[in-house]
Each structure stands twice: as structure tokens, then as C-alpha cells.
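So the structure is just underneath, and the comments pick up after that.
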């Protein structure tokens, strides 16, 4: 998750879309906790990625994490850093006091099992997945998290996915050196048919985007998630720089997503 307000040679200047996303994710966590109303664990699977430097004046996002003010809603908080750069970023004094920071990749079986063992089966688990690019996320890892993280009531972990379809996936769809990574992202190679239709102009870019998204979400339906909800953010540029998906066996989060991501927002730095 981007953490505006940090400094360093590897950080980048954020744009307003990133800051809107930061606010929305923070609001969502509060609404999620109110809706579930049971002991819950929190996993941020790409913590410390996509770091930014905030240039705002008295920016409220300086030195804060999206869990600020909401960490008491969660019994366990696990922040998984999947690179040395991300791990270094998470050593900053802006994290929830009760957060446990782990390093490693979900691709690694030992790391994945360590993450799963962090949460008792008696509680719900919420997983935030915001990969810095499609090549960092494998559907096989999500499937393991879902099917091996089932609680005592037979419900799979809830997941909020921030999918980099536009800025990352679409622009690399035709690169031969990306084919294997894209197949790992989807968990299969059925996406190639969509690419072919796009290349031959049977469909336009917008239709290709929609079909790719439906294909990806179908994987969660195949895992028998009761609620698979998609949201295209209204405050993420045009076309949207990212897409949202929430999958859950507990609650249909459509109304919550609509309320939060359709809300008109103004950043403090935009008022100067």
C-alpha cells in the first residue's frame, strides 16, 4: 500500500489518484469492520510497495498508514513485505503499533503457510492485495490463501483487490516476454483469445478490458465465493488506472464500494 509522506531515493511523487485511493481504502477498512462485527485478522499482502513522497501542505497523510484510527478493529495485523525495498519502508514509525511485519513472497510455500498460521480459524480474515504490477501476483497464490484459509464456519478469507489492469496489464498484453507472467496472473492462458480478438480489431480496447476483468473474476466464482463484486472507481482517472474487486463469503460489499469510491473528494493540497 502506498504510504504518502515518506522520503528516500526510491520513492516517487504521487498524483491525486493515489491520494484519493489512500483515503478510500482507509474508509473502506472502517466500514468493513463495522459490517463484519466479529473478531477479524488483517493481512496486507504487498505492504510497503509503491512508496511516495507527499508534497502537500500540512498533508494529513504524512506519517500515517491506512489503518490509522482503525487498527483496534483487527485482532491481528500482518504486513507482508515482498521485497527488501518494501521491508525498509515498513521500518518507518508510521505503522500500527500492533502490526507484525513479515518478509517474503506469497509464491514461497513457507511464507504463505506462515501467514496462514498467523490467524486462528475462529476469526474472519481480511486480505488487502495491491500489487505494484500484475507480474507480482499469481492466481495460484490467491487460491491457496482462499482454500487453505477457511475458518471454522467454512468461510474463506475476504479479499479486496486493487487490480492494475489499465496501467500495467493492458499496455503489456502484446509483449512476448510478459506472456508467462500474464498467464500466472490469471491462473491460465484463456486471456490469449481476448488478446487475439483485440489485435484483429474484433473488439476495441474498452471491450478487451471488460472481458479481461470478467475472466479474472470468474476464477473467484470458480472457488465458490458467494459474493464477487467489481467496482470501477469514479476518482481514478479516465480510463480508470485501477479496478477494484471484493470477494467474500460473508457480505455483499457493492453498496459500500459504491458509497466510498463515488464520493466526491478534495485533497487539502488542491485547495492552495
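The values are calculated or read from the model by the stated rules, or taken from the named source; none is laboratory data. Treat the numbers as computed from the prediction; the structure is a model and nothing was measured. In this analysis, Cβ positions are derived from the backbone assuming ideal geometry, glycine residues included, and neighbour counts consider all displayed protein chains.
Considering only residues in the range 65-75 that are in a loop (DSSP other than H, G, I, E, B) and buried (at least 18 other Cβ atoms within 10 Å of the Cβ), the one that is modelled with the lowest pLDDT turns out to be 65.
Checking 89, 81 one by one, the residue that is crowded, with 20+ Cβ neighbours inside 10 Å and modelled with pLDDT of 85 or more is 81 and no other.
So that you can scan it fast, the table gives a plain yes or no per residue for (1) modelled with pLDDT under 90; (2) in contact with a strand residue (DSSP E or B) (Cβ under 9 Å, 6 or more places away or on another chain); (3) in a loop (DSSP other than H, G, I, E, B):
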| position | (1), (2), (3) |
| --- | --- |
| 43 | no, yes, no |
| 62 | yes, no, yes |
| 77 | no, yes, no |
| 85 | yes, no, no |
| 94 | yes, no, yes |
| 97 | yes, no, yes |
| 106 | no, yes, yes |
| 111 | no, yes, no |
| 126 | no, yes, no |
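Is it the case that residue 249 is at pLDDT 95 or above, buried (at least 16 other Cβ atoms within 10 Å of the Cβ), within 29 Å of residue 188 (Cβ to Cβ) and more than 17 Å from the chain's Cα centre (by Cα)? When the stated conditions are applied, residue 249 passes them. Considering the range 255-272, and only residues there that are at pLDDT 75 or above and part of a loop (DSSP other than H, G, I, E, B), the residue that is surrounded by the fewest Cβ atoms within 10 Å (Cβ to Cβ) turns out to be 264. Out of the residues in the range 159-169 that are over 16 Å from residue 79 (Cα atoms) and in contact with a strand residue (DSSP E or B) (Cβ under 9 Å, 6 or more places away or on another chain), which is surrounded by the fewest Cβ atoms within 10 Å (Cβ to Cβ)? Applying the filter and picking the extreme gives 166.
Each residue in the range 92-116 was checked for being more than 26 Å from residue 69 (Cα to Cα), out of contact with any helix residue (DSSP H, G or I) (no Cβ under 7 Å at 6 or more places or on another chain) and surrounded by fewer than 16 Cβ atoms within 10 Å (Cβ to Cβ), and 5 of them qualify.
Each row is one residue, and each column tells you yes or no for (1) touching a helix residue (DSSP H, G or I) at 6+ places or on another chain (Cβ under 6 Å); (2) not in a helix (DSSP H, G or I).
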site	(1), (2)
150	no, yes
161	no, yes
210	no, no
224	no, yes
241	yes, yes
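Search the range 1-22 for residues being crowded, with 18+ Cβ neighbours inside 10 Å and modelled with pLDDT of 70 or more, and hand back the single one that is nearest to residue 73 (Cα to Cα).
22
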